Amino acid sequence: MIWAKKTLGDIYEIEGGNVQTGPFGSQLHESDYVDNGIPVIMPKDIVNDKLNFSSTAKIKKEDANRLKKHIVEIDDIVFPRRGEIDKRILIDEFSEGAFCGTGCIRLRGNGSVLFPKYLFYYSKQVSVVKWIENQAIGATMMNLNTSILKSVPIYYPDDIKLQQKITSILSAYDDLIENNNQRIQLLEEMASEIYKEWFVRLRFPGYENAVFRDKNGKKVDRESDGALPDRWKKEQLREHINFYRGKSYSSAELRDNEGLAMINLKNIQRQGGFRLDGLKYFEGKYNLNNEAYSGDIVMAVTDMTQEREIVGRVALVPDMGIEKFIISMDLIRIEPVALPKLYLYCFFRYSGIGLQLKEFANGANVLHLTPSLIEFQKAVIPHAAICEKFEELIKPMLSEIDVLNNKNQVLQETRDLLLPRLISGKLSVEHLLNETYEPKEAVRTAAEPAAVYETKSIK
């Protein structure tokens, strides 16, 4: 089998492919965005190799048609043009028809030389990501352009069927990961809905017989403004939490995979929750307040992303079989006083307080949230018995999320070990060309059994 090496630009020259930046600001203005319309792909919307539709900007169909060369098609690959340039998505049937925004670059070939999904996986290799980052322009924020992406060297087998076989092996892992992610999302939605039902809409167990009062102690209906059940309070958080800042560190104290696992901003998801990828490893001096353990609450108080979506978000440190972690200086650990920890976590996670706290953050290039400001935010403090019931109900859901995340970690690590070996040709799969690849049973056990989930196309 012959393996070739060409730049992406040379391959696209043969295929008739192209690398296209999103529209210039003069072509699409902020005033053109609408509440309902065609989703616009921005860097913030690329999450875990998928397009997250939860907060995408939208434009009118007429504007999309006016700039129709930026409408994405199946098998296009979209990169952020600035900021987190290590991300990318492969457009599928659910994201087909979206619009490549100003902050992104679209890659489009016809697959006659290079199978698009092979290119997608090829670009995920650590060595390729580092190569692109080294070519990127900008000191404060990395920027990509079409010339950089066209100059990426691509190593590939000249047999398209072999490229497809390689990607089918890697896709098998991703399919299992996606199945687990969908289950995690359902569990998160269930936990969020229970929190809001009990503590926002005040429909907790036994609410029908509860007495509700206003802030002056007057008996009122449950739906009255400011109504709270007897023995519930609304107080500033400083009465109920302590917080501890993370460790300031230098690059010389970081290791690839030795030392103590350090939780940093990359572990905090934009919508809240914990990402297992992105862990750093620390070797150096620290104090006890810099430590975190499984089940601890951590919050981002710095935000270096362009979209400013992380500051004020919280995560629950998962059970990963790691004795203890160190948290970076961009985070704080929040310790409850008397309140159950899971109730406090769900308050920060599901009440919307993260968005309120973001308004207090300041800074030009980097947002900073002064942790002491958190203490003065008010929170509903339910009666202890209700908190205990809530914790009993929520704990199995959060534990299951931990289990699924750990299974995904195993799948990701296995896939990432296979990726460079398959794409370099060191691990030959030519003998599988005439076979249908199925994941081994050992791989299957790393995911929950398949389930049916409802997914809608944007078209």
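The values are calculated or read from the model by the stated rules, or taken from the named source; none is laboratory data. Since the model is a prediction, treat every value here as computed from it, not as a measurement. With ideal geometry, Cβ positions are generated from the backbone for all residues, glycine too; neighbour counts draw on all protein chains shown. Please note that ligands, DNA and RNA were not included when accessible areas were found on the heavy atoms of the full protein model with its side chains. Shrake-Rupley method; radii C 1.70, N 1.55, O 1.52, S 1.80 Å.
One table, with the values for the structure above:
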{"read-out": "Contour minus Cα-Cα distance for T370 and D32 (0.36 nm per residue)", "value": "118.2 nm"}
{"read-out": "In Å², nearest 10: area of F243 left accessible to a 1.4 Å probe", "value": "60"}
{"read-out": "Placed amide H near R81: partners under 5 Å, 5+ positions off or other chain", "value": "C104, I105"}
{"read-out": "For the range 320-401, radius of gyration divided by Kirkwood radius, i.e. Rg to Rh on alpha-carbons", "value": "1.01"}
{"read-out": "Karplus (6.51, -1.76, 1.60) ³J(HN,Hα), θ = phi - 60°, over the range 87-102, in Hz, Gly and Pro reported as x", "value": "9, 6, 9, 9, 5, 10, 5, 8, 9, 4, x, 6, 10, 6, x, 4"}
{"read-out": "Area accessible to solvent at K6, 1.4 Å probe radius, in Å²", "value": "70"}
{"read-out": "Of the trypsin sites (Lys or Arg not before Pro) in the range 228-265, those whose Cβ has at most 16 other Cβ within 10 Å and which sit in DSSP loop", "value": "R231"}
{"read-out": "Distance from the range 1-55 to the range 332-393 (C-alpha centre basis), Å", "value": "36"}
{"read-out": "Solvent exposure of the chain as accessible area per residue, Å², 1.4 Å probe", "value": "50"}
{"read-out": "Residue-level accessible surface for D32, protein heavy atoms, 1.4 Å, Å²", "value": "40"}
{"read-out": "Long-range amide H partners of I263 with built H, under 5 Å", "value": "I326, I327, S328"}
{"read-out": "Two-site FRET efficiency, I160 against L288, from Cβ-Cβ distance with R₀ of 60 Å, rounded to 0.05", "value": "0.60"}
{"read-out": "The chain, helix-only ellipticity at 222 nm - DSSP H runs n ≥ 4, -39,500 (n - 2.57), divided by all residues, nearest 500", "value": "-9500 deg cm²/dmol"}
{"read-out": "Estimated FRET transfer efficiency when R0 is 35 angstrom, pair K233-S55 (beta carbons, to 0.05)", "value": "0.60"}
{"read-out": "Prolate/oblate/rounded label for the range 101-141 (Cα gyration tensor, a/c 1.5)", "value": "oblate"}
{"read-out": "Fully extended contour minus Cα-Cα distance, from L276 to A384, at 0.36 nm per residue", "value": "35.6 nm"}
{"read-out": "Neighbour-limited loop hits for trypsin sites (Lys or Arg not before Pro), the range 42-128 (at most 16 other Cβ within 10 Å; DSSP other than H, G, I, E, B)", "value": "K60"}
{"read-out": "Separation in nanometres of the label points that stand 7 Å from Cα toward Cβ, at N134 and N48", "value": "3.1"}
{"read-out": "Answer label for log10 I(q)/I(0) by the Debye sum over Cα atoms at q = 0.06, 0.08, 0.13 Å⁻¹ (calculated), chosen among [x] -0.25, -0.45, -1.18; [y] -0.36, -0.62, -1.23; [z] -0.31, -0.55, -1.33", "value": "[z]"}
